[in-house]
Structure formats: structure tokens, C-alpha cells
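Student: Quick one: structure below, then a few questions.
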Amino acid sequence: MSNQSVISVPLPQSSYEIVIAPNGLSQIGSRLRSLQVEQKQIGQKVLLVSNPAIFRQYGESAIASLSAAGFSVAICLLPAGERYKTPAMLQKIYDAALAHRVERSSTFVALGGGVIGDMTGFAAATWLRGVSVVQVPTSLLAMVDAAIGGKTGVNHPHGKNLIGAFHQPRLVLIDPDVLKTLPPREFRAGMAEVIKYGVIWDEDLFSLLEQAPRLDRLAALAEDRLQEILTRSCEAKALVVSKDEKEAGLRAILNYGHTIGHAVESLTGYRLINHGEGVAIGMAAAAEIANMLNLWEATATERQTALIKKAGLPTHLPTGIDIEAILEALQSDKKVEAGQVRFVLPTQIGAAIVTDQVSTEVVRSVLKMRVAQQPE
């Protein structure tokens, strides 16, 4: 297929491909079957994990494709929403795996957004000490970020993704056609991660986004531009992950906007602000911090702000959130080392650094700006 992209994620022990293919849902079975020939044994049993809304739209196509390829498919449906990404909800996946006698050679298939992908990946990492997982992301955010790289996990009441494991997928299959049924707010949320790649890694992607007339809805993007956005974003993630699989160094730059973003998400109970919106707020704050520390130009901050707003995303803190609570929440972040919060800060469009040399006073000052400038 001419408009199909295949991106390799070369890793020492668990290399795989990201396939971006229109009508890709119909290929799940054949592509999973081909893995049996190329890699270790793939058993006949598949546990398909999804949520009710996604399953209603795409479950039948996925099951038909898997069944046609000779797989026996069991289903596990989880409620939609970040607030259900808990250890207790994992039990549903384990119960389904047990009920259907999922074996070590079996495969979990995650059909859904980032929450489904993270939970299914973690369940696969821990069931029988590790079974294969295939990621079939259905949201823009999951396509460009959550489904790639093997980070899996669930939330703790005191912080996001504090319980998790690295478990690389055997395949990531992206079907851009499914974005046509993605709620507009979720599309905008995914665009935050795309902007992130432009800021920290790919100046050409940033320019491509600047040239787009609109970024806040799918219908405003031509198919070839969408394909390029997906491809460049996935290439950025794949390249960083291939250089640093377990986040020993470089991979930490992928957390740009996430330090403050996760705190805002958590403090609003995962209901008021979604992940992409939190990342957008976090990127706006991080750019201001970089500006205050003279790491990059004010004009770069303005260019980033313009893109965030073009994507219909927030740049200010939600009304009523307590700045001191954010500062306290930052201390529970996974990226804290020796009590120091590590921030990803941009140095120019297309480059970023990780530093723990950001004082609480600077962070507090920037957060106050994010409130003080809030429009009516």
C-alpha cells in the first residue's frame, strides 16, 4: 500500500515494527500470524482487551481479522477513563486470562487508547511472568506516544503510573481511519504529544505543524499531512527508545510537559483535565521556566504557545487548583532523584535537556504566572 509506513524499533532483545496503514484493523490477524514465522512461537489464543465504546465500533472487525487468521479470541472489556487505570481494574484482565486459560505462548491485544494500552501491556508483562502484547491504538495520543516504547502501568492514588514495568510490544498497528470516530477533545489531546516531538526532537515536524491551517480537528488535516505527522512522531519516539530503552538517560526528554502535567491531572482527579491537556499546560510552564533560566529565546516560547493554542489546548492552570499542592505532588513524580525534581526544558526548537537545577521558587513563580495570566 503506497500510503503505508513501516518504522522499525531496533532493540537488543525485543525489536519490533510500527505499521501505519489505512484499513489496518483488517490486517491484525495476518500481521500477528506473520510474527509466528519471524519470531518466537505465537500461540492460538488471543485475549482482546478494549473498552465498551471502542469495542462497539471496532471489535467486530478485529475479531473477524483474528479469527480469519486462525486465532481463538477471548474478550475483556474495561471501563473507559484514566480514573479506572488502577491495580483493582487489572484484576479483570487477569480473571479473563485465567477463565480462558491464556498460556505463555498466547497474546494480549490492546484495542483502545492509552489507558487500555498501558493496562494491557502491564497485564501482559506480569501474567505468567510475561506474555506477548500487540498494541492497536485507537486514539491519536496512543498512536504517537503511549503504544510505543514498552512503558506500561497503572496509577496509584498519589501519582500517575507509579506502578509499572517495561514490556515491549511485538507489534504496533496504527490505522489512521479510526481517528474519524475519535471525539474532538481526544484528537486535540493527542496533538499535545505531537507538538512535544516537534519541540524536543524534530524541528521539521514543528515547522510542518506551523504550516497547517488548523490542528484542532481531524477534518482540517489532509490525509497526506496526517500520515506525515503520524510517521514523524512515531519515528521520533522509535529513535529515542532505540537509543535508551529503559530511560537511563536520553529517553527522559520524552517527558517534556509531563512533570507538571501529571501533577495537574492527578490533583484534578483525572476528570477535569485529560492527559494531553495536562501535557499542554506542562509544556507552557516548562517553556517559561526555560525562558527564565535563559535556556532558550522568548520567541521560541511564543511559537510554542501559538501551536498549543492552534491545537485548541490550554496553556493555563485550571481555576481553583492549589499551586502549593502542585509543588508537593511534584515530589511524588517518578522522575525525582535524590529528592530533586527533574525537568525537561527546551534549549531550541528541536532540542531539550533534562535538569534537576530548577529551584522551587522558579517553579512557583511560573505557576503563579500561569494563573495570573488566565483569561476570563
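Rule-based calculations on the coordinates, nothing more; no lab input. Here the structure is a predicted model, which is why all the values come from computation and not from measurement. With ideal geometry, Cβ positions are generated from the backbone for all residues, glycine too; neighbour counts draw on all protein chains shown.
Student: Looking at Glu228, Glu203, Glu210, Glu235, can you tell me which residue is touching a Gly at 6+ places or on another chain (Cβ under 6 Å) and of a type outside the set (A, V, I, L, M, F, W, C)? If you could, list the steps in order and put the result at the bottom.
Tutor: On the way: Glu228 fails: touching a Gly at 6+ places or on another chain (Cβ under 6 Å); Glu210 fails: touching a Gly at 6+ places or on another chain (Cβ under 6 Å); Glu235 fails: touching a Gly at 6+ places or on another chain (Cβ under 6 Å).
Among Glu228, Glu203, Glu210, Glu235, only Glu203 is touching a Gly at 6+ places or on another chain (Cβ under 6 Å) and of a type outside the set (A, V, I, L, M, F, W, C).
Student: From (1) without any contact (Cβ under 8 Å) to a residue 60 or more places away in the chain; (2) in a helix (DSSP H, G or I), pick out the condition that doesn't hold for Met143.
Tutor: Among (1) without any contact (Cβ under 8 Å) to a residue 60 or more places away in the chain; (2) in a helix (DSSP H, G or I), Met143 violates only (1).
Student: Here is a follow-up. Restricting the first residue to the stretch 97-110 and requiring it to be at positive phi and without any contact (Cβ under 8 Å) to a residue 60 or more places away in the chain, which pairs with a second residue that is of a type outside the set (Gly, Ala, Ser) and not in a loop (DSSP other than H, G, I, E, B) meet a Cβ separation below 9 Å and a spacing of at least six or different chains?
Tutor: Hits for this filter: Arg101/Lys45.
Student: If you don't mind, another one. So, of the residues in the stretch 188-219 that are part of a loop (DSSP other than H, G, I, E, B) and not acidic (Asp, Glu), which turns out to be surrounded by the fewest Cβ atoms within 10 Å (Cβ to Cβ)? Break it down into steps so the answer makes sense when it comes.
Tutor: Keep residues of the stretch 188-219 that are part of a loop (DSSP other than H, G, I, E, B), which gives 201-202, 212-217.
Within this subset, residues satisfying the condition of being not acidic (Asp, Glu) are 201, 212-215, 217.
Working: Trp201: 23, Ala212: 17, Pro213: 9, Arg214: 12, Leu215: 23, Arg217: 13.
Only one residue fits best here, namely Pro213.
Student: Here is a follow-up. Regarding the stretch 108-130, can at least one residue be identified that is of a type in the set (A, V, I, L, M) and assigned to a loop (DSSP other than H, G, I, E, B)?
Tutor: Taking the stretch 108-130 first, the residues of a type in the set (A, V, I, L, M) are 109-111, 115-116, 119, 123-125, 128.
So of that shortlist, the ones also assigned to a loop (DSSP other than H, G, I, E, B) come out as none.
The answer is no; no qualifying residue exists.
Student: Now for a separate question. Under 7 Å by Cβ, and 6 or more places apart or on different chains, what pairs join a residue from the stretch 285-307 that is touching a residue at least 60 places away in the same chain (Cβ under 8 Å) and of a type outside the set (A, V, I, L, M) with one that is surrounded by 15 or more Cβ atoms within 10 Å (Cβ to Cβ) and outside any helix (DSSP H, G or I)?
Tutor: That search, which allows pairs on different chains as well, returns Arg303/Ile349.
Student: Would you please name the residue that is surrounded by the most Cβ atoms within 10 Å (Cβ to Cβ), looking only at residues in the stretch 260-277 that are outside any loop (DSSP other than H, G, I, E, B) and among the charged types (D, E, K, R)?
Tutor: Taking the stretch 260-277 and keeping what is outside any loop (DSSP other than H, G, I, E, B), we get 260-267, 275-277.
Then drop every residue that is not among the charged types (D, E, K, R), which leaves 265, 277.
Numbers: Glu265: 27, Glu277: 22.
Among them, the one singled out is Glu265.
Student: While we're here: Which ones in the stretch 322-366 are farther than 15 Å from Gly257 by Cβ and of a type in the set (Asp, Glu)?
Tutor: Asp322, Glu324, Glu328, Glu337, Asp356, Glu361 - these are the residues of the stretch 322-366 that are farther than 15 Å from Gly257 by Cβ and of a type in the set (Asp, Glu).
Student: For Leu77, indicate whether it is buried (at least 17 other Cβ atoms within 10 Å of the Cβ), in contact with a Phe, Trp or Tyr (Cβ under 9 Å, 6 or more places away or on another chain) and under 23 Å from Ala142 (Cα atoms). Show your work before the answer.
Tutor: Numbers: buried (at least 17 other Cβ atoms within 10 Å of the Cβ): yes; in contact with a Phe, Trp or Tyr (Cβ under 9 Å, 6 or more places away or on another chain): yes; under 23 Å from Ala142 (Cα atoms): yes.
Against the criterion (buried (at least 17 other Cβ atoms within 10 Å of the Cβ), in contact with a Phe, Trp or Tyr (Cβ under 9 Å, 6 or more places away or on another chain) and under 23 Å from Ala142 (Cα atoms)), Leu77 qualifies.
Student: Select from the stretch 324-358 the residues that are surrounded by fewer than 16 Cβ atoms within 10 Å (Cβ to Cβ) and outside any loop (DSSP other than H, G, I, E, B) and list them in ascending order.
Tutor: Glu324, Ala325, Glu328, Glu337, Gln340, Thr347, Gln348, Ala351, Ile353
Student: If I filter the stretch 99-131 down to residues being of a type in the set (Ser, Thr, Tyr) and surrounded by fewer than 24 Cβ atoms within 10 Å (Cβ to Cβ), which single residue comes out as farthest from Ser50 (Cα to Cα)? Break it down stepwise before answering.
Tutor: Within the stretch 99-131, the first condition is being of a type in the set (Ser, Thr, Tyr), and the residues that meet it are 105-107, 120, 126.
Okay, now just the ones that are also surrounded by fewer than 24 Cβ atoms within 10 Å (Cβ to Cβ), so 105-106, 126.
On the way: Ser105: 21, Ser106: 17, Thr126: 18 Å.
In this case the residue turns out to be Ser105.
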